[in-house]
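Take a look at the structure below.
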């Protein structure tokens, strides 16, 4: 095992105990450590997705003046665990004429595409899995696997309803990636970096340092990103790939049991990821309102709470929008992207570049202060 990793893990008593038992270069030690890390990562991600389904039910129930889950656990909090058990125990059915390999691969691609984005999500200054210098580029690239999984799920099912849903999903996700990417590029241009750690660190301090208030173009970019992110995650009113009124359940109509659960889990984790990315790029990320030079564990937990709190606030808005607005027509959906959001996003990107040159990177608050 890499000596740097060994010396880092040796700081913790549990891993130091394992290193002493198995030796530093043991293949068994390497496998065990990676298995533990993968297990913890999947458990945390599954909990995020499960609590997302609980929040969806409770918030929608509140909007519709009903109770929602209230039987399993206190306030129905364990309902998502009951749903997980139900999904695992249900029969896994596949159509006879389906493409078996692609049918099984599609939900895995969605999960991998979502899980991989969590690697660069800046949870705190110390808890981020990896701070790549091309973190933004990595995020945009790896999240494209979700669109591929949606399309393959519809194609492999050999069902006309699923195929139409998969085609809608692919065209929608690919289309809305353009304004979303352009909005993210406006922030990377403002920050001068594609590293999430660097972008968040530049927003340290009071709320006026957040990039959403840096200039008029970044302010508008936030709303373009937010609308585009809802469309990319197939959330209402942009949930045309799974429109039950004409496509039954869309691209996952033929999926049952845990494979259907994988699609649902990927969607709810992806909603958290896009909310966390929005918080990191536009809303100051995990930064406290004051400068803190010490880096101790309580500070790390406070930073995690701040980032998660901002992400959950945006998560709430996404659920609120779903249960407030009616579903768009598919031609209107694409018109919004190509006729409005994309031209505005291009204008924003050019405007951000001009602002950085004309005002030497100063924010509107700094300019007014002078």
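When you look at residue 268, is it crowded, with 21+ Cβ neighbours inside 10 Å and over 20 Å from the mean Cα position of the chain (by Cα), yes or no?
no
When region 297-340 is examined, which residues are found to be over 16 Å from residue 59 (Cα atoms) and assigned to a loop (DSSP other than H, G, I, E, B)?
326, 327, 328, 329, listed by residue number.
Would region 53-66 turn up any residue that is over 23 Å from residue 147 (Cβ atoms) and over 28 Å from the mean Cα position of the chain (by Cα)?
Scanning region 53-66 turns up at least one residue that is over 23 Å from residue 147 (Cβ atoms) and over 28 Å from the mean Cα position of the chain (by Cα).
Can you tell me which condition residue 296 does not meet? The list is (1) without any contact (Cβ under 8 Å) to a residue 60 or more places away in the chain; (2) surrounded by 14 or more Cβ atoms within 10 Å (Cβ to Cβ), and all the others hold.
(2)
If I filter region 273-280 for residues that are in contact with a helix residue (DSSP H, G or I) (Cβ under 9 Å, 6 or more places away or on another chain) and over 22 Å from residue 147 (Cα atoms), do I get at least one hit?
Yes: region 273-280 contains one or more residues that are in contact with a helix residue (DSSP H, G or I) (Cβ under 9 Å, 6 or more places away or on another chain) and over 22 Å from residue 147 (Cα atoms).
Sort through 258, 230 and tell me the only one that's under 21 Å from residue 324 (Cα atoms), in the same structural domain as residue 168 (by TED's automatic domain parsing) and at pLDDT below 95.
Details: 258 fails: under 21 Å from residue 324 (Cα atoms).
Among 258, 230, only 230 is under 21 Å from residue 324 (Cα atoms), in the same structural domain as residue 168 (by TED's automatic domain parsing) and at pLDDT below 95.
Among 154, 126, which is the only one that is at pLDDT below 95, buried (at least 23 other Cβ atoms within 10 Å of the Cβ) and touching a helix residue (DSSP H, G or I) at 6+ places or on another chain (Cβ under 8 Å)?
Numbers: 126 fails: buried (at least 23 other Cβ atoms within 10 Å of the Cβ).
The unique qualifying residue is 154.
State the number of residues belonging to region 61-91 that are surrounded by 12 or more Cβ atoms within 10 Å (Cβ to Cβ) and part of a loop (DSSP other than H, G, I, E, B).
Adding up the residues that qualify gives 9.
For region 170-209, how many residues meet the condition of being over 20 Å from the mean Cα position of the chain (by Cα) and surrounded by fewer than 24 Cβ atoms within 10 Å (Cβ to Cβ)?
13
The values are calculated or read from the model by the stated rules, or taken from the named source; none is laboratory data. It should be emphasised that the depicted structure is a prediction, and the values quoted were computed from it without experimental measurement. Backbone-built Cβ (ideal geometry, glycine too); neighbour counts: all protein chains shown.
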